[in-house]
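First comes the structure, then the notes that go with it.
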Amino acid sequence: MPLLPEVKKYYGKQKLFIDGQWVESASTVVQENTNPATDEVISHFPAATAAEARAAVEAAARAFVTWQDVPMRERARMLFDMRAKFEEHFDELCRVLTQDHGRTIGESEGSVRRVIENIESACSAIYGLAKQNEHMMQLAKGIDQYLTWEPLGPFLIITPGNIPMHAWSSFVPYALAAGCTVVVSPSRQDPVAAEYICRAAQETGFPPGVINMVHGGREINKEILSQPEIKGVGFIGSNRAGHELFELCGRLRKTSSINGNGKNHVVVMPDANLKEGVQWLLRACFGMGGQRCLGVDNVVIIGDIYKEFKQKFKEAAAAMKLGYGLDTETELGPMTTRAGIESVEKWIELSLSEGAKLVLDGRRPKVEGYPRGYFLAPTILEDVHVDMESAKQEAFGPVAALIRGESLEQAIEWINTKTYLGHSACILTSSGVAARKFIREVNVGNVGVNVGVAQPYAFFPLGSRRDSFVGSAKSRMASMRLFMDEKTVCARWV
């Protein structure tokens, strides 16, 4: 089948979105953005100046004054209208995301569908606010008491390179539903995707300043967060950057939702359905080039099924078709950046230096028609032990480490103690007893049973634990508690 058409070959020099206007940046720092499959430049984008970041904050602060007073039903109507815009632009957004990030078109369709689900979830959250208010009559003689929730103000939203649209929707629709305004700082890895999601949202007709977007990076993020008008931050990205922001929030007394790295496991029990399980693990270990928060590095195989599982998994992984994600037959696209490949290759070398052995070597594959693409084929390692450094570090690439285990109890103990990260863990089993034990005892925030990726739907929070999360509220539906604060009223009228 021929390639799906690109929305544009070149998107030009990108602009900032401030106070309802797309503005040319005065910055002299302009970077190239490339298509990961072809290594061709598809846009140039600026790093905003401090003055431009300040202008975005001021716009968000001005807009908050009136946006917080927009009636709930009107905010809900605008969010429903925004949902319609994303449906209208669905195909375009998917192709832009594939071209800018590298994932397959099917993966992009899933991601944009998650965006729409988050908008729907934010709509329901607005009406759910009424249920959170509590009112007690005659608590004391002539005294009533009640609880209300109020929006805090403008927020900084920082989105990562691996899920630029999905992460945007994990915070922004909920902030708008709560009555807050936002300054979005997208990753430098896929700025075109960030621009197009902003354009689709703004077509709804939000008042100027409700949504703002500036390109920049770590220093601009700190500059924005340090502004007194900004009340907090919603962040998805690396632990290093996230924990720095968390410390800054502590000094500035600001609220936060900081979602960081993961080191996720799948435990394959002796009674697992290997035929289906292998297919689930292809997506878990290699989907999106392995660049997903809930993706899997460590596959723990229990009992005497190891050889059978390894053979089936190797054959299925080796058969995956690499290519440009706009080719609908492609099963694995490129990584987003060349630096990402280099990082994963270092991780593989670390594993080998610690005694691991290659079952399938996906380094430097030749992909017909795309000699300059950032491709890394599925890579499988064995003889990996949980005490190896590589077994504790996130690979963040299409890599699976096979670990032999003796029992479910041992696997749970490994997951709970051998890494400080607590994003997710899954179990493949036919036993309800084993599944229930796993669910109750594993110390992670997202648990999967007979799935490879424990992905919560939009109306559930991304429930990460330990070093994978710090802050006052989880993302998605739970972020309503990030953007709002309680007020208790004690009133006497008689």
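Values in this text are rule-based calculations from the coordinates and carry no lab data. Because the structure is a prediction, the values reported are computed rather than measured. FYI the Cβ positions are ideal-geometry reconstructions off the backbone, even for glycines, and counts take in every protein chain you see.
Assorted remarks:
- Sorting 249, 490 by the number of Cβ atoms found within 10 Å of their own Cβ, with the fewest placed first, yields 490, 249.
- Karplus-derived 3J(HN,Hα), 6.51/-1.76/1.60, for each residue of segment 177-184, Hz, glycine and proline x: 4, 6, x, 8, 10, 9, 10, 9
- Charged-residue dipole, Cβ positions (Lys, Arg, Asp, Glu), segment 264-457 about Cα centre, Debye nearest 20: 320
- Of the GluC sites (Glu not before Pro) found in segment 290-346, those that fall in a DSSP loop while having at most 12 other beta-carbon atoms within 10 Å are 329.
- Total charge dipole magnitude, segment 394-455, about the Cα centre, Cβ charges on Lys, Arg, Asp, Glu only, Debye to nearest 20: 120
- When the charge dipole of the chain is built from unit charges on Cβ atoms (+1 for Lys and Arg, -1 for Asp and Glu) and taken about the Cα centre, the candidate among 373, 225, 89 whose Cα reaches farthest toward its positive end is 225.
- Euclidean distance between Cα centres, segment 26-63 to segment 199-267, Å: 16
- Length-normalised contact order of the chain in % [C-alpha pairs under 8 Å, at least 6 apart]: 20
- For segment 347-364, 3J(HN,Hα) computed residue by residue from phi via the Karplus equation (6.51, -1.76, 1.60; θ = phi - 60°) reads 5, 4, 4, 4, 4, 5, 5, 8, x, 5, 10, 7, 8, 8, 9, x, 6, 6 Hz, glycine and proline entered as x.
- Ordering 393, 344, 415 by Cα displacement along the dipole of segment 264-457 toward the positive end leaves 344 in first place; charges were set at the Cβ atoms of Lys, Arg (+1) and Asp, Glu (-1).
- Charge dipole of segment 130-260 about the Cα centre (unit charges at C-beta), most positive-ward option of 143, 192, 160: 143
- Three principal axis extents of segment 264-457 based on alpha-carbon atoms, in descending order, are 50, 35, 33 Å.
- Chymotrypsin sites (Phe, Trp or Tyr not before Pro) restricted to segment 185-278 and DSSP loop, no more than 16 other C-beta within 10 Å: none
- Mean Cβ count within 10 Å, highest first, over the residues of peptides 182-188, 426-432: 182-188, 426-432
- Relative contact order of segment 1-123, pairs being alpha-carbon contacts under 8 Å that are 6 or more residues apart, as %: 25
- Mean Cα-pair separation over length for segment 264-457, i.e. relative contact order, pairs under 8 Å, 6 or more apart, %: 29
- Fewest-first ranking of 143, 341, using other Cβ atoms within 10 Å as the exposure measure: 143, 341
- Rounded to the nearest 20 debye, dipole of segment 310-350 from Cβ charges on Lys, Arg, Asp, Glu: 200
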